[in-house]
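Report on one structure; see the data block that follows.
The values are calculated or read from the model by the stated rules, or taken from the named source; none is laboratory data. What you are looking at is a predicted structure, and each value in this text was computed from that prediction instead of being measured. Surface accessibility is based on the protein's heavy atoms, side chains included, excluding ligands, DNA and RNA. Shrake-Rupley method; radii C 1.70, N 1.55, O 1.52, S 1.80 Å.
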Amino acid sequence: MGTREAGFSSSLPAYRSFEDPAHRAELASLWNLPVERIPDRRGLAYPDIIQAILDRRIRALWIIGTNPVVSFPTSPR
């Protein structure tokens, strides 16, 4: 559950956005690293990952600490 606050593939820590230059600059300053080291596009979010699995773009996935069946209980699949 800490990924929303600590950052993960689809957002930066504290709900900051990869696409926002000010967010990237602030974190680069806090982390003492060049802003170019922070990607300017997000990775796959959870729904994107599920869709990529269904589309067979992701062929293997290691799931820890969550249950996808429970996370999407109204999914048509």
The range 8-77 accessible area per residue, 1.4 Å probe, protein heavy atoms, integer Å², reads 79
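Compute the Cα gyration tensor for the range 1-72, then decide on rounded, prolate or oblate, letting a ≥ b ≥ c be the square roots of its eigenvalues: rounded whenever a/c is under 1.5, prolate when a/b is larger than b/c in the other cases, and oblate in all that remain. Could you put the intermediate results ahead of the total?
On the way: a/c = 2.82, a/b = 1.99, b/c = 1.41.
Here the range 1-72 falls in the prolate category.
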